[in-house]
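Shown next, in structure tokens, is the structure this report addresses.
Read-outs: derived from the displayed coordinates by stated rules, not from any lab. Here the structure is a predicted model, which means the values were calculated and not measured. Note: ideal-geometry Cβ built from the backbone for every residue, glycine included; neighbour counts use all protein chains shown.
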Amino acid sequence: MFAKIVLTIVFLAFFSESFGQKYLMLDHYSTKRIRIYVGDQMYFKLQNDPTLYNDFLVALGDSTIFVSQVKEPISLSQISAIYFPLKLRKVAPMFTNLGILALISAAVGTQMKEKFFDPKDNAITGLALIGTAQILKLFKWKKFFIVQGKSRIRVMDMNFSPLPNSVSSPEKQ
């Protein structure tokens, strides 16, 4: 009995985010889909407008989105591209931090009486990690172009609502 209660709490805690809300879904008519939830940051371009908008998704309508800086709703048909930061770009600060730690350990290693490691190897490793981080910063954005017939953007509604009163159940007939 205790295991069932714990399993129910874990299920509700970890999986309740995907139920009962609206989100934008982008796909190329395949099973690989990108979801953008309310509150997520979006980078997007509108048709016939060269400006790259960087804004937070505030609300979703049936075929419109509301962002925080633009006062009026934006139709989904007006969006021409959505940009995403690549996961490689998010790893770059970690490589920089590891490189700095390796350089510090190389500097401290020269002052130690007992040599547990070669300070030159750590210095080379630290410089390589910092150089890798700088190269990863070049990989900035993944572009998702919305082209008629090849890709689509939709508002998905995961709210569970009761059946309307107009639909009669078979027992009442």
Original post:
Rounded to the nearest 0.05, what FRET efficiency is calculated for R152 and L52 with R0 set to 25 Å and r the Cβ-Cβ distance?
Top reply: 0.70
**OP:** Cross-chain or 8 or more residues apart, Cα under 23 Å: how many lysine pairs in region 27-126 fit that? Count them up, please.
**Re:** 6
Original post:
Sorted by packing (mean other beta-carbon atoms within 10 Å per residue), highest first, where do 141-150, 42-51 land?
Top reply: 42-51, 141-150
**OP:** Work out how much length K137 to I9 would gain on full extension: take 0.36 nm times their residue separation and subtract the Cα-Cα distance, in nm to one decimal.
**Re:** 42.0 nm
Original post:
For a label point 7 angstrom out from the Cα of F145 toward its Cβ, which stretches of region 28-67 have the backbone nitrogen within less than 19 Å?
Top reply: 28-30, 34, 43-53
Original post:
For labels at I104 and K120 in the simple 7 Å Cα→Cβ model, what's the distance in nm?
Top reply: 2.5 nm
